[in-house]
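To keep things clear, I will list the structure first and then write my remarks on it.
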Amino acid sequence: MIQIKLSALFIVSATILILGAIQTSFTAYPYPQQKQGYSHDDRMIRPGLYAIGTIASLQNDENGSPTWIVSGLWGGSLSTSNTAQGGEGNETTNTTTSTSINTNVTAATGSLPIATFHSKFNMMMTNGSAPHDHMISNFTLTDMSMPNNSTTVYNGTAIITMRQGPVPNVPVSIKAMNNNVISIWADPAKTNNHFGNTPVFGTIEKLVRVEK
């Protein structure tokens with residue numbers, strides 16, 4: 001039991017560190033109209049699911065040929081509160097029933113849970129040229145579903161940093177598959193097709209449930 005609690009604390013702490021590191025980097029691309037990164041309220045450990053992982057993907061060019069190597073980190077959480085997403089209430093209720101990414105939270109509360117997702121990853125061409133970074137932050141969950149027993153889909157909007165600066169309100173769809181793999185799809189119209197015609201893929205390295 002002590003080992004499980006220490007493992008959960010480690011994952012939550014690691015998630016917060018990842019989010020904090022991304023927030024620090026994000027300040028290099030100020031966008032005053034939006035809440036930058038994640039706030040002090042987001043650091044509060046609520047009962048729910050916390051996950052961290054890596055980005056490891058190949059993206060195609062405009063001709064559909066694998067051209068870009070993508071690698072980095074991501075962190076996210078799914079929790080409940082007595083206020084709507086984005087509110088400042090601190091009361092929490094443990095409604096998850098298993099250590100898996102699923103829709104139990106939504107079914108139990110009748111509303112969307114509080115979701116966070118942040119990622120920072122590097123892109124470079126397969127010949128080693130044109131290295132650059134991207135960040136995804138300020139994710140706002142708009143709906144979630146389970147098309148099958150092994151896949152959960154989280155749709156929402158986020159800020160994605162591009163060469164010209166942060167692009168707000170980018171439609172983003174995140175899929176978690178078998179609690180082992182995630183895919184991140186960003187609206188090509190908002191990102192100038194920068195990530196090609198396939199999602200950015202990553203792995204779920206650690207996933208823990210925190211109880212009240």
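The values are calculated or read from the model by the stated rules, or taken from the named source; none is laboratory data. Computed from a prediction, not measured in an experiment: that's the story for all the values here. In this analysis, Cβ positions are derived from the backbone assuming ideal geometry, glycine residues included, and neighbour counts consider all displayed protein chains.
For every residue, the table says whether it meets (1) part of a helix (DSSP H, G or I); (2) modelled with pLDDT of 80 or more; (3) within 19 Å of T157 (Cβ to Cβ).
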site: Y29; (1), (2), (3): no, no, yes
site: P32; (1), (2), (3): no, no, yes
site: K35; (1), (2), (3): no, no, yes
site: D42; (1), (2), (3): yes, no, yes
site: R46; (1), (2), (3): no, no, no
site: Y50; (1), (2), (3): no, yes, no
site: G53; (1), (2), (3): no, yes, no
site: S57; (1), (2), (3): no, yes, no
site: G64; (1), (2), (3): no, yes, no
Among the residues in the range 121-132, are any at pLDDT 95 or above and buried (at least 20 other Cβ atoms within 10 Å of the Cβ)? yes
Residue, nearest to the chain's Cα centre (by Cα), within the range 113-134, restricted to residues that are assigned to a loop (DSSP other than H, G, I, E, B) and touching a residue at least 40 places away in the same chain (Cβ under 8 Å): P113
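For every residue, the table says whether it meets (1) under 19 Å from V70 (Cα atoms); (2) surrounded by 20 or more Cβ atoms within 10 Å (Cβ to Cβ); (3) basic (K, R); (4) free of Cβ contacts under 8 Å to residues at least 12 places away in the same chain.
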| position | (1), (2), (3), (4) |
| --- | --- |
| S145 | no, no, no, no |
| I160 | yes, yes, no, no |
| Q164 | no, no, no, yes |
| P171 | no, no, no, no |
| N180 | yes, no, no, no |
Give K175, K190 a once-over and let me know the one that is more than 20 Å from A51 (Cβ to Cβ) and basic (K, R). K190
Among (1) at pLDDT 95 or above; (2) within 15 Å of the chain's Cα centre (by Cα), there is one condition P147 misses while meeting the rest; what is its number? (2)
Contact list, first residue from the range 184-195 and under 22 Å from T116 (Cα atoms), second anywhere and assigned to a loop (DSSP other than H, G, I, E, B), beta-carbon distance below 7 Å, six or more apart or interchain, is I184/P199; W185/P199; A186/F195
Screening T126, T116 for residues that are among the β-branched types (V, I, T) and more than 23 Å from Q59 (Cα to Cα) leaves only T116
